[in-house]
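Asks: Just passing along the structure, written as structure tokens.
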Amino acid sequence: MKVRFENVSFTYDTRTALKNVSCEFDSGRTILVVGHNGSGKSTFLKLMNGILKPTVGRITLGETITDGKRTSELARLCALSFQNPDDQLFAQTVKKELRFGIDNIGRGDGLFDSIVDTLHLAEHLKSNPYSLMYALRRLVTIGGSAAMGTPILALDEPTAGLSLREKKYLGTLLAFLKARGTTVVMVTHDLNFLLPYADDMLLLSHGEAQFSGERDRLFAGKDARDLMRRAGIGYPAYARISSALDLELPAFSAEEIVECLKKKRAGTTRRTNGRHQLEGA
Amino acid sequence: MKIVSLTEFSLSYTKDSPPALNGINFDLNSRESVVVSGLSGSGKSTLCLAIAGLTETFPAMTFKGVIRRSDGANGERARVGIVLQNFYSQITYLRSTVMEEIAFSCENLGLPRQETVRRVSEAIDMVRIGHLADRSPLELSGGEKQKVVLAAAIAGKPDLLVLDEPLSQLDPESTAYLGGVLTELKREMALLIAENDPYFILKVADRLVVLSEGKIVADGPPEEAITRSSVAYLDLPAWTMCVAKADEEGITRENRQAPPYELNYRKAISALKGPN
């Protein structure tokens, strides 16, 4: 489902957290919202899911304008997993926690089992969520939101507190949601892990959108480094390595970089062989 | 001087649960920075809590072995400051501004007003949150709250500062900056930090301790502790991953003098550039 912000501003009491943000993301895209601490990232997600309503401007999810809609109605379109898992958990067992959203919006399309498998939560279903370690508490909140099967899923810092193992589970979940056509919007600082999954990016700085659009367009731009530095997030390590290796375009994982290197070498070798043949002839 | 020393230390949260720490032998010296890494559930947080003396309050906890805390310089017990993994729970919300929230830690140490004011302003500068000083802790973002709790812990000037995933909500620029701050701080206090961020580890850690299932599987300077046997539990820097992948595909420069995991950025780039 499509997400559109038109000139959206939001003010908490006296402090303006988002200023005149306009952006549009197509259905089924994976979007990273990045920026410095306090740049308005979490506010952006809460506006999308209707926990907060814009002070000025209009937000459209698919064909639905959020203004005047109750948060409970918007929750059918966009599920949100909170930055702090302990703000979200409340059920007595992991199973109840994971089922709460689905049961309340009345969908039962077998998604529950896939989510439990993908996130490896089967052995914890009977546990009290509060007795689990932090990384698992986070997976449970992500799973509970994803299991609702909403066309849009918003995740606030999904990798925070996860180790290598759970990050891989999250990666599998993202691939699964992509295949289902879910629009996934994630607030993150973990570009090294999440950039390979991203289609689009939104860069926020002091509440203003510095860039919104395709990931590859951001990185192809001459001002990419500058934009990212100003947004307080620095230039991602794999992109920096790509440029040190003179790759034409930045790559976002070790696998991609090694692939590019192999192609580049193959290209160079072919050219060299060609010249030798020419000389031989 | 040893601040804390664990000998054959094991700990279970309840009588029936498997040990969260299992036969740990570990000394922490003053002015040493130790980073503890490992998968979730490996015992990182438990080690932090045990060393800070907080597991002693868990009702059903059982332990074996010895944990010995040495005395501080004036014959007092070495003082510990901690930032918990769930740092949200550490903000009192009893005070109306960030500055007062940070002062709370000094007030509880019974410091005179002048000293409190000095330490609070130092800590605020050090963590770079001057712009938040007069704001209400209630209206801060997650990352901003994490910085406030860190500043409060620093203002207490403990002999040992324990940080459980202190970067979890910080933006990359703050993360890089904080690495520098902690490198400075270790001149004054010992640091024990549970963290998996490889860039941070290379910058801050004198020693890297890798845990798996409650046991120490590696302990030493990062370049010695990151080995074929510990690497399954660790995040590695992007360039190290690239070299490892390139080695696997046989496209690194010939005769690369291999450490299997190249942690140095320049050397990694040069290995990747290949034969030319």
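Every read-out reported here was derived from the displayed coordinates using simple, explicitly stated rules and does not represent laboratory data. Please read all numbers here as calculations on a predicted model, not as lab measurements. So basically every Cβ, Gly included, is an ideal-geometry build from the backbone, and we count neighbours across all protein chains shown.
Asks: If you take each beta carbon of peptide A:180-192 and count the beta carbons of other chains within 10 angstrom, what is the mean?
Replies: On the way: counts 0, 0, 0, 0, 0, 0, 0, 1, 0, 10, 3, 1, 8.
That works out to 2 on average.
Asks: Rounding to the nearest 20 debye, state how big the charge dipole of chain B is about its Cα centre with +1 on each Lys and Arg Cβ and -1 on each Asp and Glu Cβ. Numbers along the way, then the final one.
Replies: Details: 30 positive and 36 negative charges, 73 e Å.
About 340 debye.
Asks: Would you please classify the overall shape of chain B from the alpha carbon gyration tensor, given that a ≥ b ≥ c denote the square roots of the eigenvalues, rounded means a/c under 1.5, and beyond that prolate means a/b larger than b/c while oblate covers the rest?
Replies: Values: a/c = 2.08, a/b = 1.37, b/c = 1.52.
Here chain B falls in the oblate category.
Asks: Sticking with the crude label model, points 7 Å out along Cα→Cβ, report the distance from B:Ser89 to B:Ser136 in nm, one decimal please.
Replies: With each label placed 7 Å out from Cα toward Cβ, I get 2.5 nm.
Asks: Just to be sure I understand: with springs between alpha-carbon atoms less than 10 Å apart, which residue in A:Asp246, A:Asp26, A:Asp216 has the highest mean-square fluctuation in the Gaussian network model of chain A?
Replies: Taking springs between Cα atoms under 10 Å, the residue moving most is A:Asp246.
Asks: Also, I was wondering about something else. Below 8 Å, C-alpha to C-alpha, sequence gap of six or more: please give me the relative contact order for chain B in percent. If you can, show how the numbers build up before the last one.
Replies: Values: 514 pairs, mean separation 62.9, N = 276.
Computed value for chain B: 23 percent relative contact order.
Asks: Also, quick follow-up: Loop-only GluC sites (Glu not before Pro) in the range A:153-260, please: DSSP not H, G, I, E or B, and at most 12 other Cβ atoms within 10 Å. Don't skip to the answer; put the middle values down first.
Replies: Values: sites: A:Glu166, A:Glu208, A:Glu214, A:Glu248, A:Glu255, A:Glu256, A:Glu259; in loops: A:Glu248.
Here the sparse-neighbourhood loop sites are A:Glu248.
Asks: How compact and how long is the range B:1-110, expressed as Rg and Dmax of its alpha-carbon atoms in Å?
Replies: Looking at the range B:1-110, its Cα Rg and Dmax stand at 16.0, 46 Å.
Asks: Over the whole of B:227-235, what's the average partner chain Cβ count within 10 Å per residue? Rounded to a whole number, please. Before the final figure, lay out the partial values.
Replies: Numbers: counts 0, 0, 0, 0, 0, 2, 3, 2, 5.
Average neighbour count from other chains, rounded to a whole number: 1.
Asks: To continue, here is another question. Test of the criteria: in the range B:1-56, which trypsin sites (Lys or Arg not before Pro) are in a DSSP loop and have at most 16 other Cβ atoms within 10 angstrom of their Cβ? Walk me through the numbers on the way to the answer.
Replies: Numbers: sites: B:Lys2, B:Lys15, B:Arg31, B:Lys44; in loops: B:Lys15, B:Arg31.
For trypsin sites (Lys or Arg not before Pro) across the range B:1-56 that sit outside H, G, I, E and B with at most 16 neighbouring Cβ atoms in 10 Å, the list reads B:Lys15, B:Arg31.
Asks: Turning to a different aspect of this structure: Using only alpha carbon pairs under 8 Å that are at least six residues apart, calculate the relative contact order of the range B:71-207 and give it in whole percent. Each step should come with its number before you reach the end.
Replies: On the way: 184 pairs, mean separation 41.4, N = 137.
Contact order relative to length: 30 percent.
Asks: Between rounded, prolate and oblate, where does the range B:85-132 land on the alpha carbon gyration tensor, with a ≥ b ≥ c its root eigenvalues, rounded for a/c under 1.5, else prolate if a/b exceeds b/c? Mind showing how you got there, number by number?
Replies: Numbers: a/c = 1.76, a/b = 1.19, b/c = 1.48.
Oblate shape, in that a/c is at least 1.5 and b/c is the bigger or equal ratio.
Asks: Relative contact order of the range A:83-160, please, whole-number percent, based on alpha carbon pairs below 8 angstrom and at least 6 residues apart. Write down the numbers at each step before the final one.
Replies: Details: 82 pairs, mean separation 35.8, N = 78.
So the answer I get is 46 percent.
Asks: While we're looking at this one, here's another question. Rounded to the nearest 20 debye, what is the charge dipole size of the protein assembly as shown about its Cα centre when +1 sits on each Lys and Arg Cβ and -1 on each Asp and Glu Cβ?
Replies: Details: 68 positive and 68 negative charges, 114 e Å.
Approximately 540 debye in magnitude.
Asks: Hey, another quick one. In deg cm²/dmol, rounded to 500, what helix-only [θ] at 222 nm does chain A give when every DSSP H run of at least 4 residues adds -39500 (n - 2.57) and the total is split over its residues? Working shown, then result.
Replies: On the way: 12 runs with 118 residues, N = 281.
Calculated mean residue ellipticity at 222 nm is -12500 deg cm²/dmol.
Asks: Shifting gears a bit: Can you figure out the FRET efficiency of A:Ala220 with B:Val117, using R₀ = 56 Å and their beta-carbon distance, to the nearest 0.05?
Replies: Efficiency, rounded to the nearest 0.05: 0.65.
Asks: What does the C-alpha gyration tensor say about the overall shape of the range B:14-75? Classify as rounded when a/c is under 1.5, otherwise prolate if a/b is larger than b/c, or oblate. Before the final figure, lay out the partial values.
Replies: Working: a/c = 2.24, a/b = 1.40, b/c = 1.60.
In terms of gyration-tensor shape, oblate.
Asks: Let me know the mean shielding of A:163-176 by other chains, meaning the per-residue number of their Cβ atoms within 10 Å of its Cβ.
Replies: Numbers: counts 11, 10, 6, 3, 3, 0, 0, 0, 0, 0, 0, 0, 0, 0.
Per residue, the average neighbour count from other chains is 2.
Asks: Now, a different point. With a cut-off of at most 10 other beta carbons within 10 Å, and DSSP calling the residue loop, which trypsin sites (Lys or Arg not before Pro) in the range B:198-276 qualify? Please list them. It would help to have the intermediate numbers written out before the result.
Replies: Values: sites: B:Lys203, B:Arg207, B:Lys215, B:Arg228, B:Lys245, B:Arg253, B:Arg256, B:Arg266, B:Lys267, B:Lys273; in loops: B:Arg228, B:Arg253, B:Arg256.
Sites meeting the loop and neighbour criteria: B:Arg228.
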